[in-house]
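J.: Following this message is one structure expressed as structure tokens.
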Amino acid sequence: MNQTSILLESGTNELEIIELYLLEPGPDGKPEPHYFGVNVAKVLEIIEASDKLEPSASSPHPSFLGVIPLRDMVLPVVDLSIWLGVSRVPTAHETVIVTEFNGVRSGFLVSGVTMIHRVGWAEVEPPSRMLADLPGNCITGTVRLGEHFALLLDLERALVELGAVTIDLPDHVEQKDEERPLRVLLVDDSTSVRFLLKRNFESAGFEVEAKGNGEDAWNFLVDLKAEAASRKTPITGLLDAVISDVEMPRMDGYTLTRNIKADSELSRLPVVLFSSLISPALLHKGQSVGADAQITKPEFGGLTTQVREIIEKRRAG
């Protein structure tokens, strides 16, 4: 699979999803597929699973199946069904999806893969509030693919739980005196990430407004722009920066950034994209929509410092 040939142009509010499935026991004993989706941008390749993959008593997590050699690397493999807590009917010729995000390469064992779908983020529905607030929730949205629905997976959470990716927050962040505390808009569809980001920025002396997707963030900015006009003040008098995830239901971070930078007033706001998709190979996507900075998600600790520096640079002209 040539990844670069299918990656979408930035700001179209679309994504490519690789549809995968797990075969679970049905009511009549016959295996039934349950469908899931993963962003193509996170997938390096798809390989056939080795029949020697099995969990070890010494594994750090029950879903960890050990490592396999793959050309010039040693690939850790996770049994997706165990991590999701569902039963999987073992079959011949199962599949490992090889992913790369947050600078980490990993494999996920699944029953199989069907095809690649192109969908609009507007078609992706966020998980219900009850599901989103559950501890350990790993579903970022649902989308109809043909005659059935697929659940979009938060594979980053699996890597955090397995210790492959760490999130380091500073124990203390020095606060600077401001005539007006710096105010930022945080946009992320993950409840846990929004909580961590909000806590991190507030500890650094920022005032924080948080939204769960790009559409809600855009509506907030439109209303704020109207408020700024009525008060005869520039938008930067009410907000200092926008920090946004890339993958979000309804409107993604690239489209949100493009909309902000296309607006004569809102374009004064610095926009920082903060995502596991940030990598040297994909930096051009954020640059094409005018993002002021792009930071990968493991870099929680230095995020507030970088955002403050970007705001100060903007103020200095």
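J.: Would you kindly identify the strands (runs of 3 or more DSSP E) lying entirely within segment 215-317 that contain at least 2 residues that are touching a residue at least 24 places away in the same chain (Cβ under 8 Å)? Write out each step before concluding.
T.: Working: elements: 241-244, 271-275, 293-296.
Counting at least 2 such residues, we get 241-244, 271-275.
J.: Which pairs do you get when a residue that is over 14 Å from residue 111 (Cβ atoms), found in segment 17-31, comes within reach of a residue that is exposed (fewer than 11 other Cβ atoms within 10 Å of the Cβ), reach meaning Cβ atoms under 6 angstrom, with the pair 6+ apart or on two chains?
T.: none
J.: Any chance segment 245-264 includes a residue that's outside the structural domain of residue 14 (by TED's automatic domain parsing), farther than 20 Å from residue 216 by Cβ and over 13 Å from the mean Cα position of the chain (by Cα)?
T.: The initial filter retains those residues of segment 245-264 that are outside the structural domain of residue 14 (by TED's automatic domain parsing), namely 245-264.
From what's left, farther than 20 Å from residue 216 by Cβ: 264.
Checking the rest, the ones that are also over 13 Å from the mean Cα position of the chain (by Cα) come to 264.
Yes - at least one qualifying residue is present in segment 245-264.
J.: I've got another one for you. What residue, of 91, 99, 95, is exposed (fewer than 14 other Cβ atoms within 10 Å of the Cβ) and not aromatic (Phe, Trp, Tyr)? First the steps, then the outcome.
T.: Numbers: 99 fails: exposed (fewer than 14 other Cβ atoms within 10 Å of the Cβ); 95 fails: exposed (fewer than 14 other Cβ atoms within 10 Å of the Cβ).
Sole residue among the options that is exposed (fewer than 14 other Cβ atoms within 10 Å of the Cβ) and not aromatic (Phe, Trp, Tyr): 91.
J.: Something else about it: Of these, 293, 226, which one is under 22 Å from residue 313 (Cα atoms) and modelled with pLDDT of 90 or more? Please lay out each step first, then the result.
T.: Values: 226 fails: under 22 Å from residue 313 (Cα atoms).
Selected residue: 293, the only one of 293, 226 that is under 22 Å from residue 313 (Cα atoms) and modelled with pLDDT of 90 or more.
J.: Related question: Select from segment 269-284 the residues that are over 18 Å from residue 187 (Cα atoms) and not aliphatic (A, V, I, L, M) and write down the one among them that is surrounded by the most Cβ atoms within 10 Å (Cβ to Cβ). Don't jump to the end; show me each part of the working.
T.: If we filter segment 269-284 for residues that are over 18 Å from residue 187 (Cα atoms), which is where we start, we get 279-284.
Next, from what is left, pick out any that are not aliphatic (A, V, I, L, M): 279-280, 284.
On the way: 279: 17, 280: 6, 284: 10.
Only one residue fits best here, namely 279.
J.: With 196, 155 as the choices, which residue is in the same structural domain as residue 42 (by TED's automatic domain parsing) and at pLDDT below 95? Before you say what the answer is, go through the steps one by one.
T.: Values: 196 fails: in the same structural domain as residue 42 (by TED's automatic domain parsing).
After ruling out the rest, the residue left standing is 155.
The values are calculated or read from the model by the stated rules, or taken from the named source; none is laboratory data. Everything quoted here is computed from the prediction, not taken from an experiment. Note: ideal-geometry Cβ built from the backbone for every residue, glycine included; neighbour counts use all protein chains shown.
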